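A quick write-up on the structure given underneath.
The values are calculated or read from the model by the stated rules, or taken from the named source; none is laboratory data. Note that the coordinates shown come from a computational prediction; the quantities given were computed from them, not determined experimentally. When we count neighbours, we look across all protein chains shown, and the Cβ atoms used for this are built from the backbone with ideal geometry, even at glycine.
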Amino acid sequence: MFRKVIKQSKHSKCKHSILIVDDEDSIRLSMEDLLSRSGYEVRSVANGEQALVQIAGGQFDLVLLDIRMP
């Protein structure tokens, strides 16, 4: 069911961009892989400081943020 929700329309002309912020490598890389294969432009970082740098330097349609990070 999750795959159906995240798939972009094949007729979409623009790629939606997503920033993933998670300190757990396995979760971050799994989400990045799944979303990239579904057609999204994905960037991922391991902490809040790196996320702020990415946000200042670009525009994202969605930020997926782990709320429990050290």
- Query: For residues in the range 48-64 being under 13 Å from the mean Cα position of the chain (by Cα) and at pLDDT 95 or above, which is surrounded by the most Cβ atoms within 10 Å (Cβ to Cβ)?
  - Reply: Ala51
- Item | Restricting the range 33-63 to residues that are without any contact (Cβ under 8 Å) to a residue 12 or more places away in the chain and aliphatic (A, V, I, L, M), the residue that is nearest to Lys15 (Cα to Cα) | Ala56
- Message: Anything in the range 21-58 that is of a type in the set (A, V, I, L, M) and either over 13 Å from Met69 (Cα atoms) or part of a helix (DSSP H, G or I) (or both)? List them, or say none.
- Response: Ile27, Leu29, Met31, Leu34, Leu35, Val42, Ala51, Leu52, Val53, Ile55, Ala56
- Note on the structure: Of the residues in the range 27-47, those that are of a type outside the set (S, T, N, Q) and farther than 16 Å from Gln59 by Cα come to Ile27, Arg28, Leu29, Met31, Glu32, Asp33, Leu34, Leu35, Arg37, Gly39, Ala46
